[in-house]
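Worksheet: one structure, shown below.
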Ligand SMILES: Nc1ncnc2c1ncn2[C@@H]1O[C@H](COP(=O)(O)OP(=O)(O)O)[C@@H](O)[C@H]1O
Ligand SMILES: [Mg+2]
């Protein structure tokens, strides 16, 4: 359904997307996760025909995004991360306006729009003025709007951001329903747990690169020794960090307020060695544990930079 | 032909907005004041001090009312168009429009059409005031139709400028200021340029002819043709066609040089077509600017 190959996008000298590769098959809900500024919105705007690529190809349902933007638009329903609505327009009229763009008018339009509003749980809201609706309602209306032309691929940029928990839950239900109807969905978020439960696939992007992608199960099982080791210190943390930095099996160090978590590619003997080395250096360890595997910790571990401060 | 969806949406929204009611009131209110003023000057003032009403000068009423209306059009159109695209951008609805089937040109044309409809609506609402002139006579329906045509053409012309800036700039404020700025340049700037050219030529003539200067009007040559895009001059040429003899137009041009009889005779139509041409050009550029996938006008230096 969506095939992105070696996509590169630069804003001036800044490389926002760096040889990004991505594939979404029909019927998948693809969770596109990454910290703020990773390039999710940039990718989605390119897929929706709002941004030019510098190099690489984007293919949506057999249509090349670069050469056939008109055809592309008929395949895609896009919901931006920030969007507005018109004043002085009622919800149903708002829907009918977008329907009319696709040549759907009159009773047919009304019926379709009411159906879609039903789907996003906005039944009986047709007469409300859109600028007076709550944020959650606007978001759902915008989602209904993006479905007006029955697109093959839905591109939803952070649809849950800024919503209260209840509204999030509603959004989740709606997406499940759309999935059951066979829609293919690309949905982004900077919070992984939000997506983990409703997606079939996950792709994690960082600094414009796809770090890992696959089905939720694949990602979890492929981790093996990849879960981080978390350590707590009562003293000598700095010295321990020095020791960790020397060790080639330590691939990633994340320093938090009262703990350090490392990505360690070694077996248990090697674990014991590094523990001994730290103690020898004078660090006072109070705990040293391999974290339980969870998608969330994976995300933390992948998206945490080489060495960075995370305040909690 | 199906209606442009953007056009329909715009009309629906503007009919409901309080702003439209205010514009309608202001437009007709000001026009009515001018109408009353014209009437007063012609009948009350003239007859009191002259004892008679000079029916030859009654056409003045027509001139005053139409000049007032034309001025109102010039001031209203930027307000109607300068927010057209930038407003959607500020409201964050533009991106969504651009991901729909609509082409940038369709969006631009829908916006223009709705602004012009609004202008036509205003012009028609003012017909009762304009009709004052008919009670006296001297003006034909053809003159009226021509004036309405001029309003539409001017709305397209200035409207295209407004839409162009609205597409170019992110902020409605910048677009509005620029559009009024261009209006000022078209209306007064063109005259200023001609005055300046005339002055330069005058100084040069003085230099070459020494102290004894034979009287001769400095001729700005073909530069005078820039007045073709001056809406005020277009209006003036129409008035001269309708209720004048053309002599005032000749003497006006005489300030800057000479215009060939052929051009002067068809000045109105030439300028109308020229202005429509400029409009088409501006709308084309706007559509291009609006296209997110366009190639840049200028290429950034490739870092190799
Ligand atoms: N129009 C732009 N001009 C310059 N830099 C931009 C622009 N849009 C985005 N960026 C930069 O590109 C990077 C990726 O942004 P974005 O795709 O919005 O990330 P995300 O959606 O994952 O938070 C960010 O560092 C951002 O600052
Ligand atoms: Mg984003």
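Each reported figure results from applying straightforward, stated rules to the coordinates on display, with no laboratory input. What you see is a predicted model; the values in this text were computed from it and never measured. Backbone-built Cβ (ideal geometry, glycine too); neighbour counts: all protein chains shown.
Using 7 Å Cα-to-Cβ label points, what is the residue A:245/residue A:87 separation (nm, one decimal)?
About 5.7 nm separates the two model spin labels.
Taking the Cβ of each residue in B:148, B:118, A:1 as the centre, tally the other Cβ atoms inside 10 Å and list the residues starting with the fewest. Present the calculation step by step, with values, prior to reporting the outcome.
Numbers: B:148 15, B:118 23, A:1 20.
Placing the least packed residue first, the sequence is B:148, A:1, B:118.
Measure out, as a whole number of angstrom, how far apart the alpha-carbon centroids of the range A:149-175 and the range A:52-120 sit.
15 Å
List the relative contact order of chain B as a percent without decimals, with contacts defined as Cα pairs under 8 Å and 6+ residues apart. If you can, show how the numbers build up before the last one.
Values: 289 pairs, mean separation 66.0, N = 304.
Over chain B, the number comes to 22 percent.
If I fit a long axis through the Cα atoms of helix A:106-119 and take the longest principal axis of the Cα atoms of chain A, what angle between them do I get, 0 to 90°, rounded to 10?
Helix A:106-119 and the main axis of chain A meet at about 30 degrees.
For helix A:268-280, report the angle its Cα long axis makes with the longest principal axis of the Cα atoms of chain A; keep it between 0 and 90° and round to the nearest 10°.
In chain A, helix A:268-280 runs at an angle near 60 degrees to the longest axis.
With both partners inside the protein assembly as shown, how many of the DSSP beta bridges are antiparallel, as a percent to the nearest 5? Write down the numbers at each step before the final one.
On the way: 36 of 57 bridges.
Of those bridges, close to 65 percent are antiparallel.
I need the calculated FRET efficiency for the pair residue A:265 and residue B:200, taking r as the beta carbon distance and R₀ as 51 Å, to the nearest 0.05. Walk me through the numbers on the way to the answer.
Numbers: r = 81 Å, r/R0 = 1.59.
Efficiency for this residue pair is about 0.05.
Sorted from largest down, what three extents in whole angstroms do the Cα atoms of chain A have along their principal axes?
80, 41, 35
By how many degrees, 0 to 90 and rounded to 10, does the Cα axis of helix A:91-101 deviate from the longest principal axis of chain A?
80 degrees
The range B:1-43 to the range B:173-210: how many Å between their Cα centroids?
Each part reduced to its Cα centre gives a spacing of 33 Å.
Would you mind ranking A:86, A:11, B:266 so that the residue whose beta carbon has the fewest other beta carbons within 10 Å leads the list?
Values: A:86 20, A:11 11, B:266 14.
Placing the least packed residue first, the sequence is A:11, B:266, A:86.
Using the number of other C-beta atoms within 10 angstrom as an exposure proxy, rank A:105, B:179 with the fewest first. Spell out each step's value before the answer.
Numbers: A:105 15, B:179 25.
Sorted ascending by nearby Cβ count, the order is A:105, B:179.
Restricting things to Cα coordinates, could you compute the convex hull volume per residue of the protein assembly as shown in Å³? Write down the numbers at each step before the final one.
Numbers: hull volume 155.0 nm³, N = 616.
Looking at the protein assembly as shown, the number lands at 252 Å³ per residue.
With the radius of gyration and the Kirkwood radius both derived from the Cα set of the range A:85-225, what is their ratio Rg to Rh? Can you show the working numbers first?
On the way: Rg = 17.1 Å, Rh = 16.5 Å.
Looking at the range A:85-225, the ratio lands at 1.04.
Divide, for the range A:228-291, the radius of gyration over alpha carbons by 2.2 N^0.38 Å, where N is the residue count.
Against the empirical 2.2 N^0.38 Å value, I get 0.96 for the range A:228-291.
Could you give the alpha-carbon Rg of the range A:147-215 over 2.2 N^0.38 Å, rounded to two decimals?
Working: Rg = 12.5 Å, N = 69, 2.2 N^0.38 = 11.0 Å.
Compactness ratio reported: 1.14.
Considering chain B as a Gaussian network with a 10 Å cut-off on Cα pairs, which listed residue, B:265, B:12, B:206, attains the greatest mean-square fluctuation?
B:206
According to a simple spin-label model (label point 7 Å from Cα along Cα-to-Cβ), what is the distance in nm between residue B:36 and residue A:131?
Output for this residue pair reads 3.3 nm.
Treating the Cα atoms of chain B as identical point scatterers in vacuum, please give the log10 of the normalised Debye intensity I(q)/I(0) at q = 0.10 Å⁻¹, two decimals.
With no solvent term, the Cα-only Debye profile gives -0.68.
Dividing the convex hull volume of the Cα atoms of the range A:138-292 by its residue count, what figure in Å³ per residue is obtained? Don't skip to the end; give the middle numbers.
Values: hull volume 22.6 nm³, N = 155.
Per-residue hull volume (Cα only) is 146 Å³.
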